[in-house]
Amino acid sequence: MAAGEEPNDEELQRRADNFDTEKAALAVDYLVVGAGLASLAFLDELLSLDSKATFALVDKNEAPGGHWNFAYPFVRLHQPAAYYGVSSEPLAAGAKRSCMMTFEPYDNKDLADKEKLLAYFARAVHRFEATGRVQYFARATFSDGIIACADGSKRSVNVVRKLVLPASNVVVPAMRPPAYAVAEGVDCGPANILSSDEESGRLRTSYVVVGAGKTGVDSVLLLLRRGVPASAITWVVSQDCWYFLRDYIFHSGSAFLGMSVKMLDALNECSDSSSFFHKMEAMRLVGRLDPSRPPPTTFRGATVDIEELELLRTVEAAGGVVRLGRVTAIDATGITLQQGHVALPSADTLVVDCSANGTDGYAPIRTPFEADRIHLTPCYSFNIGFGAAILAWLEKNVETDERKNANVFTIIPEPGDVVKWGSPALLPLILYGQFKMDKSLERLGASSWMLTHRTHQASMKHISLCKLLWAVIGPTRLMARRDQFLAKMEAGGFTDVQLHRRHVA
Ligand SMILES: Cc1cc2nc3c(=O)[nH]c(=O)nc-3n(C[C@H](O)[C@H](O)[C@H](O)COP(=O)(O)OP(=O)(O)OC[C@H]3O[C@@H](n4cnc5c(N)ncnc54)[C@H](O)[C@@H]3O)c2cc1C
């Protein structure tokens, strides 16, 4: 390894393997791997629930924030900042502090950007360290009882209770080369290039954007907002997706409750996910690029607002959307796709790689609690932070691993499951799991914990208590609707959704 070069994972591992001198050993209750959202939300929760627990926090990155460190500079949350992050630290710009608590109303325009998110996560870790119960090791890995840091130092660790592991392996395009062959001379890279272009004022004659998930959508929007004509954009959409429409879902606390009622009614009225999505589309809760085409077969929770969707449709109207499957190769003659070939629009074309990986990096984990470790598997709707906080709550309040696992409804399909990751049928299944978790937590006596948790969408940190109570016991009878939906799913009421084995176990 050359002097001054950053050590890679292999080098860090080699150093750990060569460790031979015992420095002062560290004893901690929990060794938490990863300073991304899941690990930080878990640590934050347990730190406040267990006033004596001690932690070591280890991440191979330079700074907290996980994949946000590598994201393109113009990235923003796609859901409101009001309930994103860790419980103890507000994030929304409109947060109102009182002596009782901080109220963070929904604002569908308040989507924290990369800079704000990284500062937020760094602040959270500083606060954790200030308690004296958390030791943070940046640019470090943990293996076989040893923390190996990039500067060559090592610490032997005695983990008294459990090792806590992130279940994600989020790989954003900037972290890897494209999954297709790119010939030399083709100008191709992740969305980050668009920011460098913007800084230098460079405009290309034409652009090809590969991918229709969140990064692809953000890239096309950035170009259009920079004044690039829609006719100069070729957008490779291998699969049309359904998008959540932010305007109607997150407009305000009462809109959120109203949306929950509408969604539950649609779930209770429909018997398959295709008619459910059509109903949601009619209520403007979801949308798609071209409503005249057959309904999308993909849904990953990407979110846009209506103005953005209209802007994206200008590329469709200009004939720029290419639907010929996935890209397999790009060279000077053009783009080869699974079902055809298109020429590059001009010699001065930038190809922006926004292609996504299969399950967004999450491995299926049926039992997050094991004898010596906890896997921070996503278990609550599209809310990694609240899911991790629930796992911390179960860790503190429930006696055995078996009972803890029995109250978790993980959402990542396993091989062989009928419902696949990324399919529209996943949404009813995810909602089923979320409502089951709510019921489990209520049964375990966690209702007031949920009611005051900032990362829980329906908490009094975001919605006034009167409105919440009215939704539950007033004429809308939210809970009765929820129970009707749970019973319907358990009776096989959705023809294309089969419950996970772990849901009915
Ligand atoms: C562009 C984009 C926008 C998003 N917007 C939203 C949104 O608006 N709302 C929302 O709820 N979700 C959103 N998400 C989902 C997002 O994945 C989660 O919000 C969350 O950031 C994931 O956190 P994580 O901790 O699971 O994973 P990561 O962020 O990947 O963090 C994992 C961390 O663990 C570390 N690590 C892993 N293994 C080791 C090891 N062996 N040794 C040391 N360190 C290790 C990694 O270095 C990394 O820092 C978005 C995702 C993307 C990609």
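The values are calculated or read from the model by the stated rules, or taken from the named source; none is laboratory data. Values in this document were obtained by computation on a predicted structure and should not be read as measured data. Cβ placement follows ideal geometry from the backbone for every residue including glycine, while neighbour counts extend to all protein chains displayed.
Just for strands (runs of 3 or more DSSP E) wholly inside segment 110-187: which have at least 3 residues that are within 9 Å of the ligand (Cβ to nearest atom), at pLDDT 95 or above and surrounded by 18 or more Cβ atoms within 10 Å (Cβ to Cβ)?
140-143
Can you give me the ranges of the helices (runs of 4 or more DSSP H) entirely in segment 199-287 with at least 2 residues that are among the small types (Gly, Ala, Ser), within 16 Å of the ligand (Cβ to nearest atom) and more than 23 Å from LEU468 (Cα to Cα)? Explain how you work it out, then say what you get.
Details: elements: 214-225, 246-249, 253-269, 273-282.
Here the list reads 214-225.
Is it the case that GLU395 is assigned to a helix (DSSP H, G or I), among the charged types (D, E, K, R), in contact (Cβ under 8 Å) with a residue 40 or more places away in the chain and within 26 Å of LEU47 (Cβ to Cβ)?
yes
If only one of ALA343, ALA332, ALA347 is without any contact (Cβ under 8 Å) to a residue 40 or more places away in the chain, closer than 30 Å to GLY320 by Cβ, surrounded by fewer than 24 Cβ atoms within 10 Å (Cβ to Cβ) and away from the ligand (no atom under 16 Å from the Cβ), which one is it? If you could, list the steps in order and put the result at the bottom.
Values: ALA332 fails: without any contact (Cβ under 8 Å) to a residue 40 or more places away in the chain; ALA347 fails: without any contact (Cβ under 8 Å) to a residue 40 or more places away in the chain.
Criteria check complete, one pass: ALA343.
Take THR400 and tell me if it is of a type in the set (Ser, Thr, Tyr) and in contact with a helix residue (DSSP H, G or I) (Cβ under 8 Å, 6 or more places away or on another chain).
no
Any residue at all in segment 301-309 that is in a loop (DSSP other than H, G, I, E, B) and within 17 Å of VAL210 (Cα to Cα)?
Our first condition is that a residue be in a loop (DSSP other than H, G, I, E, B); within segment 301-309, this holds for 305.
Filter once more, so that each one left must be within 17 Å of VAL210 (Cα to Cα): none.
No, segment 301-309 contains no residue that is in a loop (DSSP other than H, G, I, E, B) and within 17 Å of VAL210 (Cα to Cα).
Taking segment 71-99 on its own, how many of its residues are touching a Pro at 6+ places or on another chain (Cβ under 7 Å) and surrounded by fewer than 17 Cβ atoms within 10 Å (Cβ to Cβ)?
1
Filter segment 51-70 for residues that are crowded, with 18+ Cβ neighbours inside 10 Å and in a loop (DSSP other than H, G, I, E, B); which is nearest to the ligand (Cβ to nearest atom)?
My answer is LYS60.
Among (1) buried (at least 16 other Cβ atoms within 10 Å of the Cβ); (2) aliphatic (A, V, I, L, M); (3) part of a loop (DSSP other than H, G, I, E, B), where does ALA371 come up short?
Only one criterion is unmet by ALA371, namely (1).
Looking only at segment 71-95, which residues are under 18 Å from VAL33 (Cα atoms) and either within 10 Å of the ligand (Cβ to nearest atom) or assigned to a strand (DSSP E or B) (or both)?
Result: GLY85, single match.
Looking for something free of Cβ contacts under 8 Å to residues at least 12 places away in the same chain and either of a type outside the set (Val, Ile, Thr) or in contact with a strand residue (DSSP E or B) (Cβ under 7 Å, 6 or more places away or on another chain) (or both) - is there at least one such residue anywhere in segment 283-293?
The answer is yes, given that some residue of segment 283-293 is free of Cβ contacts under 8 Å to residues at least 12 places away in the same chain and either of a type outside the set (Val, Ile, Thr) or in contact with a strand residue (DSSP E or B) (Cβ under 7 Å, 6 or more places away or on another chain) (or both).
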